[in-house]
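Please see the structure below; I have some questions.
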Amino acid sequence: MEPINTERLTLRRFTPDDWQDLRQMILQYAASPYAKYDHPWPTSEEELKGVAEWFASGDTYLAVCLRPEGTFIGFVCLNPRDEGPATYNLGYILNFDHHGQGYATEACRAALQRAFIDLGADRILTGTATENEPSCRLLARLGLKPTVDDEGLYALTRDEWEAAE
(Lines give C-alpha, C1' and ligand atoms only; values in the text may rest on other atoms or scores of the structure.)
Protein backbone atom coordinates (compact mmCIF):
# COMPACT_ATOMS: atom_id res chain seq x y z
CA MET A 1 0.00 0.00 0.00
CA GLU A 2 1.21 3.45 -0.87
CA PRO A 3 1.31 5.92 2.03
CA ILE A 4 -1.57 8.40 2.24
CA ASN A 5 -0.45 12.01 2.60
CA THR A 6 -2.70 14.72 3.92
CA GLU A 7 -1.84 18.33 4.59
CA ARG A 8 -0.08 17.53 7.89
CA LEU A 9 0.02 13.74 8.14
CA THR A 10 1.22 10.57 6.50
CA LEU A 11 -0.74 7.36 7.01
CA ARG A 12 1.56 4.44 6.28
CA ARG A 13 1.87 0.74 6.91
CA PHE A 14 3.10 -0.21 10.34
CA THR A 15 6.60 -1.58 10.72
CA PRO A 16 7.77 -3.88 13.51
CA ASP A 17 9.98 -0.98 14.68
CA ASP A 18 6.87 1.04 15.58
CA TRP A 19 6.40 -1.04 18.73
CA GLN A 20 8.04 1.49 21.11
CA ASP A 21 5.89 4.41 19.94
CA LEU A 22 2.85 2.14 19.99
CA ARG A 23 3.67 1.03 23.54
CA GLN A 24 4.08 4.61 24.77
CA MET A 25 0.70 5.52 23.28
CA ILE A 26 -1.06 2.39 24.61
CA LEU A 27 0.31 2.91 28.13
CA GLN A 28 -0.97 6.48 28.00
CA TYR A 29 -4.34 5.30 26.68
CA ALA A 30 -4.61 2.50 29.27
CA ALA A 31 -4.26 5.11 32.04
CA SER A 32 -6.97 7.32 30.53
CA PRO A 33 -10.66 7.37 31.45
CA TYR A 34 -11.50 6.14 27.92
CA ALA A 35 -9.69 2.79 28.20
CA LYS A 36 -12.53 1.25 30.21
CA TYR A 37 -14.76 1.46 27.11
CA ASP A 38 -12.31 -0.47 24.91
CA HIS A 39 -10.89 -3.97 24.97
CA PRO A 40 -7.81 -4.19 27.21
CA TRP A 41 -4.58 -3.69 25.34
CA PRO A 42 -1.43 -5.65 26.14
CA THR A 43 1.25 -3.46 27.68
CA SER A 44 4.44 -5.52 27.96
CA GLU A 45 7.31 -4.99 25.54
CA GLU A 46 7.04 -8.49 24.11
CA GLU A 47 3.28 -8.28 23.63
CA LEU A 48 3.46 -4.92 21.90
CA LYS A 49 6.31 -6.08 19.69
CA GLY A 50 3.93 -8.84 18.61
CA VAL A 51 1.08 -6.38 18.07
CA ALA A 52 3.31 -4.12 15.94
CA GLU A 53 4.45 -7.13 13.89
CA TRP A 54 0.83 -8.22 13.39
CA PHE A 55 -0.19 -4.65 12.41
CA ALA A 56 2.76 -4.58 9.98
CA SER A 57 1.63 -7.82 8.32
CA GLY A 58 -1.24 -6.13 6.48
CA ASP A 59 -2.88 -2.89 5.38
CA THR A 60 -5.67 -2.82 7.97
CA TYR A 61 -3.81 -0.76 10.60
CA LEU A 62 -2.10 2.43 9.48
CA ALA A 63 0.45 4.38 11.49
CA VAL A 64 -0.40 8.09 11.67
CA CYS A 65 2.75 10.22 11.44
CA LEU A 66 3.41 13.95 11.36
CA ARG A 67 4.77 15.38 8.15
CA PRO A 68 7.51 15.99 7.23
CA GLU A 69 9.47 14.53 10.17
CA GLY A 70 7.55 11.23 10.36
CA THR A 71 6.87 11.29 14.12
CA PHE A 72 4.43 8.50 15.05
CA ILE A 73 1.36 9.96 16.79
CA GLY A 74 -1.20 7.15 16.57
CA PHE A 75 -3.06 4.82 14.27
CA VAL A 76 -6.28 4.37 12.36
CA CYS A 77 -7.67 1.06 11.21
CA LEU A 78 -10.22 -0.17 8.71
CA ASN A 79 -11.30 -3.70 9.59
CA PRO A 80 -13.79 -5.64 7.47
CA ARG A 81 -16.97 -6.39 9.45
CA ASP A 82 -19.33 -9.34 9.23
CA GLU A 83 -22.47 -7.21 8.81
CA GLY A 84 -22.49 -7.57 5.06
CA PRO A 85 -20.42 -7.02 1.98
CA ALA A 86 -18.16 -4.00 1.90
CA THR A 87 -18.77 -2.97 5.53
CA TYR A 88 -15.76 -1.75 7.51
CA ASN A 89 -15.05 -0.72 11.08
CA LEU A 90 -13.18 2.54 11.62
CA GLY A 91 -10.90 2.58 14.65
CA TYR A 92 -8.42 5.14 15.94
CA ILE A 93 -6.18 6.05 18.85
CA LEU A 94 -3.89 9.07 18.96
CA ASN A 95 -1.22 9.94 21.48
CA PHE A 96 -2.82 12.33 23.97
CA ASP A 97 0.02 14.82 23.43
CA HIS A 98 -1.50 15.39 19.98
CA HIS A 99 -5.18 15.69 20.90
CA GLY A 100 -7.11 18.88 20.21
CA GLN A 101 -5.18 19.76 17.06
CA GLY A 102 -7.44 18.20 14.43
CA TYR A 103 -5.11 15.29 13.69
CA ALA A 104 -7.72 12.61 14.46
CA THR A 105 -10.23 14.28 12.14
CA GLU A 106 -7.63 14.60 9.37
CA ALA A 107 -6.42 11.00 9.74
CA CYS A 108 -9.93 9.54 9.90
CA ARG A 109 -11.07 11.54 6.85
CA ALA A 110 -8.15 10.10 4.91
CA ALA A 111 -9.07 6.61 6.14
CA LEU A 112 -12.71 7.10 5.09
CA GLN A 113 -11.59 8.20 1.64
CA ARG A 114 -9.45 5.06 1.39
CA ALA A 115 -12.38 2.90 2.52
CA PHE A 116 -14.90 4.32 0.06
CA ILE A 117 -12.61 4.89 -2.94
CA ASP A 118 -9.85 2.26 -2.73
CA LEU A 119 -11.60 -0.53 -0.81
CA GLY A 120 -15.06 -0.10 -2.31
CA ALA A 121 -16.80 0.19 1.05
CA ASP A 122 -20.56 0.59 1.04
CA ARG A 123 -20.79 1.40 4.74
CA ILE A 124 -18.69 2.22 7.78
CA LEU A 125 -19.84 1.04 11.21
CA THR A 126 -17.98 1.91 14.36
CA GLY A 127 -18.71 1.98 18.04
CA THR A 128 -17.84 4.22 20.92
CA ALA A 129 -19.24 4.66 24.39
CA THR A 130 -21.71 7.52 24.63
CA GLU A 131 -19.71 8.70 27.67
CA ASN A 132 -16.65 9.15 25.44
CA GLU A 133 -17.74 12.60 24.33
CA PRO A 134 -14.57 13.50 22.36
CA SER A 135 -14.96 10.35 20.25
CA CYS A 136 -18.69 11.02 19.73
CA ARG A 137 -17.88 14.56 18.54
CA LEU A 138 -15.19 13.23 16.18
CA LEU A 139 -17.61 10.75 14.63
CA ALA A 140 -20.19 13.52 14.16
CA ARG A 141 -17.56 15.73 12.43
CA LEU A 142 -16.82 12.82 10.11
CA GLY A 143 -20.51 12.50 9.20
CA LEU A 144 -21.23 9.28 11.08
CA LYS A 145 -24.62 9.15 12.77
CA PRO A 146 -25.83 7.08 15.71
CA THR A 147 -27.79 4.01 14.63
CA VAL A 148 -31.30 3.50 15.96
CA ASP A 149 -30.88 -0.14 16.90
CA ASP A 150 -27.63 -0.11 18.91
CA GLU A 151 -26.58 2.61 21.36
CA GLY A 152 -22.97 3.55 20.81
CA LEU A 153 -22.90 2.31 17.21
CA TYR A 154 -22.37 4.89 14.46
CA ALA A 155 -22.77 4.47 10.70
CA LEU A 156 -21.91 6.23 7.45
CA THR A 157 -22.97 4.99 4.02
CA ARG A 158 -21.21 5.60 0.74
CA ASP A 159 -24.12 7.81 -0.42
CA GLU A 160 -23.93 9.93 2.74
CA TRP A 161 -20.16 10.27 2.41
CA GLU A 162 -20.39 11.23 -1.28
CA ALA A 163 -23.10 13.82 -0.56
CA ALA A 164 -20.88 15.46 2.05
CA GLU A 165 -17.79 15.57 -0.17
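Looking only at residues in the range 119-157 that are under 16 Å from the mean Cα position of the chain (by Cα) and of a type in the set (Val, Ile, Thr), which one is farthest from residue 79 (Cα to Cα)?
Filtering first and then ranking leaves 128.
Please indicate, with yes or no, whether at least one residue in the range 125-136 is farther than 22 Å from residue 95 by Cα, touching a strand residue (DSSP E or B) at 6+ places or on another chain (Cβ under 7 Å), modelled with pLDDT of 95 or more and in a strand (DSSP E or B).
no
Considering each residue of the range 95-128, count those that are over 27 Å from residue 23 (Cα atoms) and surrounded by 20 or more Cβ atoms within 10 Å (Cβ to Cβ), and give that number.
Total meeting the criteria: 4.
Inspect all residues belonging to the range 93-109 and state whether any of them is more than 21 Å from residue 28 (Cβ to Cβ), modelled with pLDDT of 95 or more, out of contact with any Asp or Glu (no Cβ under 7 Å at 6 or more places or on another chain) and not in a loop (DSSP other than H, G, I, E, B).
Initially, the range 93-109 is screened for residues more than 21 Å from residue 28 (Cβ to Cβ), giving 109.
Going one step further and asking which of them are modelled with pLDDT of 95 or more, we end up with 109.
Within this subset, residues satisfying the condition of being out of contact with any Asp or Glu (no Cβ under 7 Å at 6 or more places or on another chain) are 109.
Narrowing further to those that are not in a loop (DSSP other than H, G, I, E, B): 109.
Checked the range 93-109: at least one residue is more than 21 Å from residue 28 (Cβ to Cβ), modelled with pLDDT of 95 or more, out of contact with any Asp or Glu (no Cβ under 7 Å at 6 or more places or on another chain) and not in a loop (DSSP other than H, G, I, E, B).
Do you know which residues across the range 103-112 are closer than 26 Å to residue 159 by Cβ and either among the β-branched types (Val, Ile, Thr) or in contact (Cβ under 8 Å) with a residue 40 or more places away in the chain (or both)? It would help to see each step written out before you state the result.
Of the range 103-112, the ones closer than 26 Å to residue 159 by Cβ are 104-112.
Residues satisfying the conditions are 105, 106, 107, 109, 110, 111, 112.
Right, next: Looking only at the range 37-75, which residues are assigned to a helix (DSSP H, G or I) and without any contact (Cβ under 8 Å) to a residue 24 or more places away in the chain?
46, 47, 50, 54, listed by residue number.
Still on this model: Restrict the check to the range 13-29 and report whether at least one residue is surrounded by 13 or more Cβ atoms within 10 Å (Cβ to Cβ), closer than 18 Å to residue 128 by Cα and not polar (S, T, N, Q).
yes
Cβ-Cβ under 6 Å, sequence separation 6+ or interchain: first residue in the range 129-151 and farther than 21 Å from residue 101 by Cβ, partner surrounded by 13 or more Cβ atoms within 10 Å (Cβ to Cβ). Which pairs?
Cβ pairs passing all conditions: 129/37; 129/152; 130/152; 146/154; 147/153; 147/155.
Please indicate, with yes or no, whether at least one residue in the range 2-9 is modelled with pLDDT under 95 and under 24 Å from residue 128 (Cβ atoms).
Looking through the range 2-9, none of the residues is modelled with pLDDT under 95 and under 24 Å from residue 128 (Cβ atoms).
Got a number for residues in the range 30-52 being of a type in the set (Asp, Glu), more than 22 Å from residue 99 (Cβ to Cβ) and surrounded by 15 or more Cβ atoms within 10 Å (Cβ to Cβ)? Outline the logic, then answer.
So the first thing to find is which residues in the range 30-52 are of a type in the set (Asp, Glu), and the list is 38, 45-47.
Cutting the leftovers down to more than 22 Å from residue 99 (Cβ to Cβ) gives us 45-47.
Those left that are additionally surrounded by 15 or more Cβ atoms within 10 Å (Cβ to Cβ): none.
Qualifying residue count for the region: 0.
So which residues in the range 76-92 are part of a loop (DSSP other than H, G, I, E, B) and either at positive phi or touching a residue at least 12 places away in the same chain (Cβ under 8 Å) (or both)?
Answer for the range 76-92, where residues must be part of a loop (DSSP other than H, G, I, E, B) and either at positive phi or touching a residue at least 12 places away in the same chain (Cβ under 8 Å) (or both): 81, 83, 84, 85, 86.
Just for the range 53-66: of the residues that are surrounded by fewer than 14 Cβ atoms within 10 Å (Cβ to Cβ) and modelled with pLDDT of 95 or more, which one is farthest from residue 5 (Cα to Cα)?
If we take residues in the range 53-66 being surrounded by fewer than 14 Cβ atoms within 10 Å (Cβ to Cβ) and modelled with pLDDT of 95 or more, then 54 is farthest from residue 5 (Cα to Cα).
The values are calculated or read from the model by the stated rules, or taken from the named source; none is laboratory data. Given the structure is predicted, the values throughout are model-derived calculations rather than measurements. All Cβ positions, even for glycine, are placed from backbone atoms using ideal geometry, and neighbour counts span all protein chains on display.
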